[in-house]
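Presented below is the structure to which this report refers.
Derivation of every value follows stated rules applied to the coordinates shown; laboratory data play no part. A quick note: this is a predicted structure, and the numbers were derived from the prediction, not measured. Glycine gets a Cβ as well: all are built from the backbone with ideal geometry, and neighbour counts include every protein chain shown.
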């Protein structure tokens, strides 16, 4: 198996990526297991931050690397929280505080449209001139009353009109089929298979 560094220590992401990349003969190793600290994320776009994280992990390990940067963009807030989704209410990162801030800012807004974004970047080496880059969206609406116990982040407030459920009401397998991250990972796998 070819080793691949994942520029994340999120246990849920690690498990998901390991399962989906195993058929391609990749052994996914979280960067923390190699003593690699988190990269800086100074950019204003998901793609730039994901690329910075992937290059950082590859440079520190000497291995191919995969990174994602994701968040939620709310239409009435000009795309905020965007790349600041995890720390929207400030440090330390706190889902409840982030959601409270978002709902408060949307209180007087009629447009409740929003979409999750996931940017995935794969680099074969630190200076790979042709990184594989995929960006996918998942559309829904923000509701004032949370529902569901699955998922994380903004999921209890992210309502999917066609399903009449929030993302937090979906079982994990269903969510992975239709979510921004699930779509992006399947598209990236297609690109990796065609590159091999």
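When only Cα pairs below 8 angstrom with a gap of at least 6 residues are kept, the chain shows a relative contact order of 16 percent. Checking (i) 1.03; (ii) 0.97; (iii) 1.20 against the coordinates, the calculated Cα Rg over 2.2 N^0.38 Å falls under label (i). Highest GNM mean-square fluctuation, the chain, Cα pairs closer than 10 Å: which of 110, 50, 89? Maximum fluctuation in the GNM of the chain, among the listed residues, is at 110. If you find the alpha carbon centre of the stretch 118-143 and of the stretch 157-182, how far apart are they in angstrom? Using only Cα atoms, the two centres lie 20 Å from each other. Any chance you could check the Cα centroid distance between the stretch 80-110 and the stretch 1-70 for me, in angstrom? Using only Cα atoms, the two centres lie 26 Å from each other.
Taking the DSSP bridge list for the stretch 1-141 and keeping only pairs wholly inside it, about 75 percent are antiparallel. Label positions at residue 105 and residue 84, each projected 7 Å from the Cα along the C-beta direction, are separated by 0.7 nm. For the options 137, 186, 55, a Gaussian network treatment of the chain with springs between C-alpha atoms closer than 10 Å singles out 186 as fluctuating the most. Taking label points 7 Å from Cα along the Cα-to-Cβ direction, residue 11 and residue 112 give a separation of 3.3 nm.
Name the residues of the stretch 33-72 whose amide N is less than 20 Å from a point 7 angstrom out from the Cα of residue 190 along the C-beta direction? Correct set: 47, 67-69. Look at 178, 133 and count the other Cβ atoms within 10 Å of each Cβ; fewest to most, that gives 178, 133. By the count of neighbouring beta-carbon atoms within 10 Å, fewest first, 34, 102 end up ordered 34, 102.
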